[in-house]
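Take a look at the structure set out below.
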Amino acid sequence: MSEQPYPSSPLSPEPSQKPRRRWPWITGGVFAAVVVIAAAMFAGAQLFGGAQIEPRSGATSTNNAVEPSTATAAEATTEPIEFTPEMFTLKVKILSRDCYGSAGCLVDYRVVPTYLGDSSDLEGVNLEMTYEVTGATGGSDIGTVTFENGEYDVYDVEGDADTASAKSKLKARVTELEWY
């Protein structure tokens with residue numbers, strides 16, 4: 001009788017081969033790219049989150065170019081400007097509007113301040129502006145925004161209001177300025 005190797009038992013399965021992944025680095029690369037993009041967006045929002053007061057059209061705006069100084073000693077010692085509410089205008093920009101028929105609308109808005117003078121007047125100036133938004137069904141909304149060197153945080157001037165209809169207009173005006 002010839003010796004035969006023992007037949008494989010059905011109770012001990014043959015080792016299975018795992019399917020070979022051909023591109024495992026793609027998953028890791030996509031994940032890494034998403035993390036890098038999210039981090040860059042967050043860092044950019046932190047660095048560039050401030051907004052500047054918009055100068056009126058036709059007003060000179062400051063730029064990063066250095067110009068030679070032609071000011072005399074008398075011009076260098078000019079009195080600081082005393083800002084008044086009339087020196088600013090406010091525009092209400094509608095960010096979103098959800099209307100519910102006869103129940104009215106819910107409006108998200110942003111108040112955009114504009115200085116009517118030369119934007120260089122705001123250099124080195126820190127002030128607090130109080131404003132009033134009218135046109136909402138529940139009365140007026142009062143807000144305050146702080147400016148440092150002519151810049152402010154955009155999120156400080158955002159709000160929401162209920163209006164009677166989609167045709168309702170929100171208006172804003174400066175009520176008080178306080179500098180420090």
Qualifying residue in segment 97-116 (condition: assigned to a loop (DSSP other than H, G, I, E, B) and more than 21 Å from residue 166 (Cβ to Cβ)): yes
Segment 106-131 - residue that is in contact with a Ser or Thr (Cβ under 6 Å, 6 or more places away or on another chain) and farther than 18 Å from residue 179 by Cα and, of those, surrounded by the fewest Cβ atoms within 10 Å (Cβ to Cβ): 108
Subset of segment 132-171 that is out of contact with any helix residue (DSSP H, G or I) (no Cβ under 6 Å at 6 or more places or on another chain), of a type in the set (A, V, I, L, M, F, W, C) and crowded, with 17+ Cβ neighbours inside 10 Å - its residue that is nearest to residue 92 (Cα to Cα): 170
Matching option when the condition is at pLDDT 95 or above and under 24 Å from the mean Cα position of the chain (by Cα), among 170, 122: 170
Qualifying positions in segment 162-180 - basic (Lys, Arg) and assigned to a strand (DSSP E or B): 171, 173
Segment 137-161 residues that are farther than 16 Å from residue 172 by Cα and in a strand (DSSP E or B), paired with ones that are among the charged types (D, E, K, R) and at pLDDT 90 or above (beta carbon under 9 Å, 6 or more apart): 146/128; 147/128
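The values are calculated or read from the model by the stated rules, or taken from the named source; none is laboratory data. Every value quoted in this text rests on a predicted model; they were computed, and no experiment measured them. Backbone-built Cβ (ideal geometry, glycine too); neighbour counts: all protein chains shown.
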